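*Asks:* For reference, the structure I am asking about is given below.
The values are calculated or read from the model by the stated rules, or taken from the named source; none is laboratory data. Just so we're clear, the structure is a prediction, and the values are computed from it rather than from any experiment. Cβ: placed from backbone, ideal geometry, glycine included. Neighbour counts: every protein chain shown. For the accessible areas, the whole protein counts, side chains as well, though only heavy atoms, and no ligand, DNA or RNA atoms are used. Shrake-Rupley method; radii C 1.70, N 1.55, O 1.52, S 1.80 Å.
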Amino acid sequence: MITSHSAEEPGPVRGGAFYDAPQVMERYLQHRHSGVHSPNHVMEEPALLDELGSPTGLRVLDLGCGDASIGRKLLAAGCRSYFGIDGSTEMTRVARATLAGSSGRVETVDIETFSAPPNTFDLIISRLALHYVDDLDSVLSACWRSLSPGGRLLITVVHPVITSHEARSSPEQARTNWVVDDYFQTGARQRNWLGDTVTWYHRTIEDYVTALTRADFALASLRECAPRHDRFDGDMAELARRRRVPLFLLLTGSRA
Ligand SMILES: C[S@@+](CC[C@H](N)C(=O)[O-])C[C@H]1O[C@@H](n2cnc3c(N)ncnc32)[C@H](O)[C@@H]1O
């Protein structure tokens, strides 16, 4: 664990409970599926799909699965099974609807309490959920134990230059710059996100790599999810804006 809270400090706002608020859920899903204007669509997803390769025959676990839209895609692409967990009851309700009619399953479970028997999964993904998690070491060890030999863990998190410091501009405006500060001061940050307050855990890039290797993963890739030209539908101004500041960090760990 990287932080503790004194009696005077506000306690952490857990990611799952945060996404249960109807206004947060609605804003998140709108933001997430806004095409060219979603940084996930133009930056995170293309890098993730490159690293993922073919999911054919794989048993997949998704930590912090959100609406499980990736689960539908992976099942359509031939993965053997898809199991998503999310700490938000509302998100898992939406995820069940996404997966209706497929073999995919979801459960409302906190990432920090989840464990599974050895050799349960071949691929574990976690997209933009682990910066909500305090005890990353325990989570990575649980992942390592539940993977098959040769299995992989593929995670994306909000980039450490973003988790390090609060935005100065209004959250309603398109961001044009970012102040990086307190970068080596790691730990919990209360963040205004989607019109509400939530706790993110700031770690440096080095912290993430070290945590992976400490859990016995070999680092297989590290990417900063540069914007993908062909995802902008010709909107060159948006492409230029997205080239200014890194938003996502992607890491892949292999289990021997
Ligand atoms: C930014 S959303 C990403 C959702 C999905 N992975 C995607 O890429 O669309 C973060 C998700 O992580 C979930 N989450 C945050 N902290 C969690 C925790 N400790 N345990 C389980 N889920 C958590 C939230 O409920 C939310 O659905």
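*Asks:* For region 1-145, what is the convex hull volume of the alpha-carbon atoms per residue, in Å³?
*Replies:* On the way: hull volume 18.2 nm³, N = 145.
Hull volume normalised by residue count: 126 Å³.
*Asks:* Express as a percent, rounded to the nearest 5, the fraction of DSSP beta bridges in the chain (both residues included) that run antiparallel.
*Replies:* On the way: 19 of 37 bridges.
In the chain, DSSP labels about 50 percent of beta bridges as antiparallel.
*Asks:* Mind checking the full-extension length gain between Phe114 and Asp207? Use 0.36 nm per residue of separation minus the Cα-Cα distance, one decimal, nm.
*Replies:* Result for the pair: 31.3 nm of gain on full extension.
*Asks:* Under the definition of Cα pairs under 8 Å and six or more residues apart, what whole-number percent is the relative contact order of the chain?
*Replies:* With pairs under 8 Å counted, the relative contact order is 22 percent.
*Asks:* Let me ask you something else. For Ser254, put the label point 7 Å out on the Cα→Cβ axis and report which residues of region 51-83 keep their amide N under 17 Å from it.
*Replies:* 51-55
*Asks:* Spin-label point model (7 Å from Cα, Cβ direction): what's the Arg80 to Met236 distance in nm?
*Replies:* Output for this residue pair reads 4.9 nm.
*Asks:* Moving to a separate point now. So if each residue of separation counts as 0.36 nm, and I subtract the Cα-Cα distance between His33 and Arg243, what length gain in nm does that give?
*Replies:* Extending this stretch completely gives an extra 73.6 nm.
*Asks:* So if the hydrodynamic radius of the chain is defined as the Kirkwood radius over C-alpha pairs, what does Stokes-Einstein give as its diffusion coefficient at 37 °C and 0.692 mPa s, in µm² per second?
*Replies:* Translational D for this selection: 176 µm²/s.
*Asks:* How would Glu224, Glu51, Glu44 rank on accessible area, largest to smallest, probe 1.4 Å?
*Replies:* If we order Glu224, Glu51, Glu44 from most to least accessible, we get Glu224, Glu51, Glu44.
*Asks:* Further, regarding this structure: Can you give the local net charge around Ala21? Use residues other than it whose beta-carbon is closer than 11 angstrom to its beta-carbon, Lys and Arg +1, Asp and Glu -1.
*Replies:* Counting the neighbours of Ala21, the net charge comes to -3.
*Asks:* Counting only protein heavy atoms and a 1.4 Å probe, tell me what percentage of the chain's accessible area is made up of carbon and sulfur.
*Replies:* Values: 6020 of 11700 Å².
Summing carbon and sulfur atoms, their accessible area is 51 percent of the total for the chain.
*Asks:* So, one more: Roughly how many Å² is the accessible area per residue of the chain, as a whole number, for a 1.4 Å probe?
*Replies:* Numbers: 11700 Å² over 256 residues.
Value returned for the chain: 46 Å² of accessible area per residue.
*Asks:* Once the other residues with Cβ under 11 Å from the Cβ of Pro46 are scored (Lys, Arg +1; Asp, Glu -1), what is the net sum? Show your work: numbers first, answer last.
*Replies:* On the way: positive: Arg223, Arg228, Arg231; negative: Glu44, Glu45, Asp50, Glu51, Asp230.
Neighbourhood net charge equals -2.
*Asks:* So in region 118-256, what percent of DSSP beta bridges are antiparallel if you round to the nearest 5?
*Replies:* So the antiparallel bridges amount to about 75 percent of the total.
*Asks:* Continuing with this model, one more query. Quick check: Cα centre of region 15-78 to Cα centre of region 104-145, how many Å?
*Replies:* Distance between centres, Cα-based: 16 Å.
*Asks:* Still on this model: Using just the helices of the chain, give the 222 nm mean residue ellipticity in deg cm²/dmol: DSSP H runs with n ≥ 4 each add -39,500 (n - 2.57), and the total is spread over all residues, rounded to 500.
*Replies:* Rounded to the nearest 500, it is -8000 deg cm²/dmol.
*Asks:* Which listed residue (Thr156, Gly53, Ala76) has the Cα farthest towards the positive end of the charge dipole for region 41-195, taking +1 on Lys and Arg C-beta and -1 on Asp and Glu C-beta about the Cα centre?
*Replies:* Ala76
*Asks:* What is the spread of the Cα atoms of region 71-119 along each of their three principal axes, largest first, in whole Å?
*Replies:* 29, 29, 12
*Asks:* Subtracting the Cα-Cα distance from 0.36 nm times the residue separation, let me have the gained length for Thr56 to Asp135 in nm, one decimal.
*Replies:* Values: separation 79, 0.36 × 79 = 28.44 nm, distance 3.15 nm.
Once the chain is fully extended between Thr56 and Asp135, it gains 25.3 nm.
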